[in-house]
Amino acid sequence: MPAEPITAAQIFERFFAPQYPPDALVDLAGARSTDANPAGNPSILAQIDHAAEVFARLAPAAFGAPDLGLDFSDASVHRLGAALTRERRDAWLAPAGGPSDARGSSGASAASAGGEPPMLVTLVTHGALYVGACVVKNHGGKWQVRRPLWESLVRLESSAGTGDLAIFQWWLKALSDEEIGRGRLVDRYRTHVEVPTFDAERLPILAAGDRRIPKLAKVRYDTLYKHLRAHLPELRSVGDDFPSPERFEELGFKSMEFALLGGGRMLLMHGATADGVHLLWLDASGFVKSLYYPADSFPAHVVQIEGQKIRVIVPVRGESQVHEMLWWGA
């Protein structure tokens with residue numbers, strides 16, 4: 001019989017729970033909501049920084065990737081997330097101790113009741129602090145210290161509001177069988193950090209934001225090109241990353257609608273296909289990103305633009321699903 005899937009909860013209970021102070025484990029919700037540094041002791045923040053630095057120094061060897069380049073940049077989080085594979089996770093689950101310097105700096109117990117914890121524990125407890133340090137360094141996040149330290153949150157203020165990022169939880173989920181190898185650590189970083197803090201006002205204006213671009217009823221690659229040339233000549237190119245003519249035809253758009261966003265800084269193109277709704281964002285340089293939502297063929301999807309946000313309403317199994325995002329996309 002196939003092995004039972006490994007869930008985030010199982011990873012926590014088996015490998016991480018033994019490393020927690022008993023009182024924190026008894027009231028985990030309380031520990032996760034209690035400020036462990038109310039006086040703002042800088043030495044505690046220095047411990048977090050040290051743990052992140054240890055991870056940056058030692059993780060490339062643990063990953064077997066000397067070119068991982070953990071330089072505290074956003075791009076380094078993308079490289080890190082892409083390196084989280086099932087094979088590596090399973091190897092890290094083997095009983096083994098990590099470097100004592102790394103364990104001590106993050107406050108983990110030296111060993112669990114069964115001996116040294118597996119490498120996974122050392123990597124995740126320090127990796128959570130490394131990713132958090134990237135948010136602090138690059139986006140002005142503020143540490144909300146918790147006990148143990150790897151449970152610490154990062155408070156981030158952005159165009160989307162104020163949120164407390166539970167990065168340790170991101171790691172647990174990304175290492176579960178449901179998500180391993182799918183780049184979900186990167187997805188969460190992009191969604192909760194990079195997109196909300198993106199300075200969209202620095203994008204050049206493509207066209208006047210109040211220009212209306214008519215709906216395209218018959219959608220082919222060539223008709224789309226002619227439509228854009230006629231109604232948005234300022235867009236010189238759809239860019240190298242726009243779907244190829246062959247891929248575009250495969251999608252089979254029934255029609256396509258257009259909206260200028262952010263005072264004319266981006267163009268949103270959206271349309272329904274046989275199996276869902278596709279949204280594509282372009283700026284003055286061409287294609288930027290896309291999103292896809294599975295949807296019923298009837299009724300038609302709706303895109304609403306209100307201030308800084310876009311609301312996409314799609315029918316799924318006879319009911320409406322609502323997706324909200326900032327105007328420059330998720």
Next on the checklist: Being of a type in the set (A, V, I, L, M, F, W, C), open to solvent by less than 30 Å² (accessible area, probe 1.4 Å), out of contact with any helix residue (DSSP H, G or I) (no Cβ under 6 Å at 6 or more places or on another chain) and part of a loop (DSSP other than H, G, I, E, B) is the requirement here; does Phe253 meet it?
Outcome noted: yes
Checklist entry - Out of Ala52, Ala94, which single residue is open to solvent by less than 60 Å² (accessible area, probe 1.4 Å) and part of a loop (DSSP other than H, G, I, E, B)? => result Ala94
Next on the checklist: Condition first: closer than 16 Å to Ser290 by Cβ and out of contact with any strand residue (DSSP E or B) (no Cβ under 8 Å at 6 or more places or on another chain). Now tell me which residues in segment 211-227 satisfy that.
Outcome noted: Tyr221
Checklist entry - Out of all the residues in segment 17-48, which are crowded, with 16+ Cβ neighbours inside 10 Å and not in a helix (DSSP H, G or I)? => result Tyr20, Ala36, Asn37
Checklist entry - Is it the case that segment 305-325 has a residue that's touching a residue at least 40 places away in the same chain (Cβ under 8 Å), under 30 Å from Gly161 (Cα atoms) and out of contact with any Phe, Trp or Tyr (no Cβ under 9 Å at 6 or more places or on another chain)? => result yes
Item to check | Subset tally (residues that are in a loop (DSSP other than H, G, I, E, B) and either at pLDDT below 95 or touching a Leu at 6+ places or on another chain (Cβ under 7 Å) (or both)) for segment 211-236 | outcome: 6
Next on the checklist: Looking for something assigned to a helix (DSSP H, G or I), within 24 Å of Gly30 (Cβ to Cβ) and not polar (S, T, N, Q) - is there at least one such residue anywhere in segment 173-180?
Outcome noted: yes
Checklist entry - Tally time: how many residues in segment 120-154 are part of a helix (DSSP H, G or I), aromatic (Phe, Trp, Tyr) and open to solvent by 20 Å² or more (accessible area, probe 1.4 Å)? => result 0
Item to check | Count - residues of segment 288-330 that are more than 20 Å from the chain's Cα centre (by Cα), assigned to a strand (DSSP E or B) and among the aromatic types (Phe, Trp, Tyr) | outcome: 0
Next on the checklist: Looking at Ala259, Ala217, Ala207, can you tell me which residue is surrounded by 15 or more Cβ atoms within 10 Å (Cβ to Cβ), small (Gly, Ala, Ser) and over 27 Å from the mean Cα position of the chain (by Cα)?
Outcome noted: Ala207
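The values are calculated or read from the model by the stated rules, or taken from the named source; none is laboratory data. What you see is a predicted model, and the numbers here were worked out from it, not measured in a lab. Counting neighbours? That spans all protein chains shown, and the Cβs are built from the backbone with ideal geometry, glycine included. Keep in mind that these areas ignore ligands, DNA and RNA; they rest on the heavy atoms of the full protein, side chains included. Shrake-Rupley method; radii C 1.70, N 1.55, O 1.52, S 1.80 Å.
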